[in-house]
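Here the structure comes first, spelled out in structure tokens, and everything after it is commentary.
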Amino acid sequence: MQEYLSRTLAAYELGVDMYEAATKDMVPDTELDRFLALLPDRAGPVLDAGCAFGRDTALLAGRAVEATGIDLSGALLARARELHPGIEFRQMDVRSLDFPPGAFAGVWCQATLLHLKDEDVLAALREFSRVLRPGGALFVSFKEGEGEEEFVESFSADAARFFRYQNADRVSGLLETAGFASADVDVVNELARYGPGHRDLDWVTAFARTQVPAA
């Protein structure tokens, strides 16, 4: 594992409680509803890629969707299993998924790929495309901006993590390169969405589908 990613993983391993407390109430209902409307099968299955403590995996399951959560952090997965014992959680790297082609109707990936350099973002998106069935739905989100940095973001961690910022055009290009079609990319402000106590921070959100072969 690259050093930048090892340090970011270590930051999460050390700060599970802090991360959960900071983000547990940031429920993305609007995005979840839109994502579910894109699924070729409303019942799933759906992969929550970078599930952390399982917040969104449980929200998907609560909407009668068959959902599986994966994360690279064993500590976060332990917390996810503690909170949601009826859901399957597996330790896995988003760049190398241990699932067969076409295994999922959708992949949900909230605030995970922002910790990867562009070449690794592309590797993950290609894996998402591989495990999605034709017409399968994808949701991904990134912090908006330019460049990359490794720093302590005190909102949700006490140790430095790596961040790669993206803009709408770059995300559209990455999705197209990875084989996705019909990408719809937007910018959402965290403070406007979730209210006081949150950051005046813009997020790039994207919905897309895998291509359906011509008849």
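Report, for the chain, the % of DSSP beta bridges that are antiparallel, rounded to 5.
Of the beta bridges lying entirely in the chain, close to 55 percent run antiparallel.
Simple point charges give the picture: +1 on the Cβ of Lys and Arg, -1 on the Cβ of Asp and Glu, and for segment 1-136 a dipole about the Cα centre of about 260 debye.
Counting only heavy atoms of the protein chains and using a 1.4 Å probe, Met18 has close to 60 Å² of accessible surface.
Within the listed set Asp71, Asp29, Asp48, the Gaussian network model of the chain (springs between alpha-carbon atoms below 10 Å) gives the highest mean-square fluctuation for Asp29. Averaged over residues, the count of other Cβ atoms within 10 Å places the peptides 104-116, 156-168, 136-148 in the sequence 104-116, 136-148, 156-168, highest first. Along segment 71-82 the Karplus relation, 6.51 cos²θ - 1.76 cosθ + 1.60 evaluated at θ = phi - 60°, assigns HN-Hα couplings of 7, 7, 8, x, 5, 5, 5, 4, 5, 4, 5, 5 Hz to successive residues, with x for each Gly and Pro. By accessible area, using a 1.4 Å probe on protein heavy atoms only, segment 68-215 has 49% of its surface on carbon and sulfur.
Think of it as helices only: each DSSP H run of n ≥ 4 in the chain is worth -39500 (n - 2.57), and spread over all residues that comes to -10500 deg cm²/dmol at 222 nm. A Cβ-based charge dipole, computed about the Cα centre of segment 105-215 with Lys and Arg at +1 and Asp and Glu at -1, lands at about 580 debye.
Could you tell me the relative contact order of the chain? Use alpha-carbon pairs under 8 Å, at least six residues apart, and round to a whole percent.
Numbers: 447 pairs, mean separation 42.9, N = 215.
Result for the chain is 20 percent.
Remark on the chain: Rg and Dmax equal 16.0, 53 Å (Cα only). Average accessible surface for segment 42-99: 38 Å² per residue, computed with a 1.4 Å probe over protein heavy atoms with every protein chain in place.
The values are calculated or read from the model by the stated rules, or taken from the named source; none is laboratory data. The shown structure was predicted, so the numbers you read here are calculated from the model rather than taken from an experiment. Because the Cβ atoms are built from the backbone with ideal geometry, glycine has one as well, and the counts that use them run over all protein chains shown. Side chains included, ligands, DNA and RNA excluded: accessible areas come from the protein's heavy atoms. Shrake-Rupley method; radii C 1.70, N 1.55, O 1.52, S 1.80 Å.
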